Structure formats: structure tokens, C-alpha cells
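Right, one structure below, let's go through it.
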Amino acid sequence: MCKICETKPVYEFTNGRKVCGICFVRWFQKKVLYTIKRFSLVKKGEIIGYSKKQGFRDVVLEDILTYYHTRAPVSLVKLPNKKADKIAVSSTTDSEAIVFISGLLKDKLVKKERFPLYKDTIKPLYLFTDQEVLIYAGLRKLKFKQEKNTRSHVSELLNNLELKHLEIKHAIISGILQLKD
């Protein structure tokens, strides 16, 4: 049962806490606001641009930017025809962890632009897993196109590791953030 609403849960956090659909959406939106504030992603009056795509990450990004726009004095524009101060990309913990581990396996140095704070690009979904983004999309009834299954060996490795070590992807992102300093 959801600890807050005492209703049927839709998601269980790694600490065992369960939440219902309404509480999950509220948690997701609060975490986006936290991410934007924690990393100083957007300033008052800025114009945020985003690409109108149909993948699940992209439709969630658009929905969450619209939510943020209703709570902050910022403007939203769809790219590429408009000018924007910041460009929002739909990068998640999964996609960032895959890129980082792939770079390590190929013995390439991690480029500065892989971090969430590089100039003119923001990643509001940076601290969410793909599973959390999919659940949010389903609960908000967002329409998206299913992406073809193009899993790499690295994504399979990370998914298998996650079965035994639930926080592995978050630990990788924490490590990336520590490298930034």
C-alpha cells in the first residue's frame, strides 16, 4: 500500500517505500523541480527550447517543461525555428550511465559535455531512470512511439548488474558528478 494515500502502489523505491500513481507523479514533478534548482539549470526569464520528438523520454520532457513553465517565469519554445537561451535534452540516468561506461570501456576520457551542467544545455530528467520515466508517461497518459530495441552490450550489462545492485546507475551518476568537481 502507498504509505501516503493507503491505495494500491504502482512503484516501489529501492528502499522498499511504495507509492500510488498520484503520489508517484507528485514525487516525479518535485524531483524535477529539485534537479533544476540543485544544478541551477534555469534562471528567471530564460527561454528554454526543446525538440518535439515522439520517444517516451521526449514526450515526458515536454510535459515536465510545461509543468515547470506554469510554476516559473520562463518561456518555452519548440526547436529548431526559435531562438532559446537553454536547450533541454531528454537525457536520463540510464542513457548517461551507458555513455559513460561505454567511454570507459573504449578507454576514452570523459568529455566535459557529458556532465549535466555544460553551457546552454539542460537535462531535467538526468536523475531519473528510464523505468521511472516510462511509469510517469503511462500515469500521465502521454502518447509516444515505442522505440526500436537497440540495446547495446553496455546497456545489457548495466541492466543485469542492476538486478543485483539496485542503485548501480545512480551510483555511476553520483560518480560522474563527483568527477565534475
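The values are calculated or read from the model by the stated rules, or taken from the named source; none is laboratory data. Not measured: the values here are computed from a predicted model. Ideal geometry is used to build each Cβ from the backbone, glycine not excepted, and the neighbour counts take in all protein chains shown.
Tally time: how many residues in region 135-173 are under 16 Å from Ile98 (Cβ atoms), outside any loop (DSSP other than H, G, I, E, B) and either under 18 Å from the mean Cα position of the chain (by Cα) or of a type in the set (D, E, K, R) (or both)?
11
I need a count of the residues in region 52-84 that are farther than 19 Å from Leu127 by Cα, modelled with pLDDT of 90 or more and charged (D, E, K, R). Spell out how you get there, then give the answer.
Of the residues in region 52-84, the ones farther than 19 Å from Leu127 by Cα are 52-54, 69-84.
Going one step further and asking which of them are modelled with pLDDT of 90 or more, we end up with 69-78.
So of that shortlist, the ones also charged (D, E, K, R) come out as 71, 78.
Summing the residues that are farther than 19 Å from Leu127 by Cα, modelled with pLDDT of 90 or more and charged (D, E, K, R) in region 52-84 gives 2.
For a quick check of your reading of the model, give me the residue pairs whose first member lies in region 48-59 and is part of a loop (DSSP other than H, G, I, E, B), whose second is of a type in the set (Gly, Ala, Ser) and surrounded by 21 or more Cβ atoms within 10 Å (Cβ to Cβ), with beta-carbon atoms closer than 9 Å and at least 6 apart or on different chains.
Within 9 Å, the pairs are Lys53/Ser90; Gly55/Ser90.
Can you spot a residue in region 35-44 that is within 25 Å of His165 (Cα to Cα), outside any loop (DSSP other than H, G, I, E, B) and in contact with a helix residue (DSSP H, G or I) (Cβ under 6 Å, 6 or more places away or on another chain)?
So in region 35-44, the residues within 25 Å of His165 (Cα to Cα) come out as 35.
Those still in the list that are outside any loop (DSSP other than H, G, I, E, B) too: 35.
Now restrict to residues that are in contact with a helix residue (DSSP H, G or I) (Cβ under 6 Å, 6 or more places away or on another chain): none.
No, that holds for no residue.
Of all residues in region 149-176, how many are modelled with pLDDT of 75 or more, over 18 Å from Lys106 (Cβ atoms) and of a type in the set (A, V, I, L, M)?
Within region 149-176, residues that are modelled with pLDDT of 75 or more, over 18 Å from Lys106 (Cβ atoms) and of a type in the set (A, V, I, L, M) number 4.
When you go through (1) exposed (fewer than 13 other Cβ atoms within 10 Å of the Cβ); (2) at pLDDT 80 or above one by one for Leu109, which number turns out not to apply?
Status for Leu109: all satisfied but (2).
Please find, within region 1-39, the residue that is farthest from Thr92 (Cα to Cα) out of those that are polar (S, T, N, Q) and modelled with pLDDT under 90.
Thr7
Which residues, taken from region 60-69, are free of Cβ contacts under 8 Å to residues at least 60 places away in the same chain and over 18 Å from Lys145 (Cβ atoms)?
Leu65, Thr66, Tyr67, Tyr68, His69
With the requirement that a residue be buried (at least 17 other Cβ atoms within 10 Å of the Cβ) and under 17 Å from the mean Cα position of the chain (by Cα), what does region 1-26 give you?
Tyr11, Phe24, Val25
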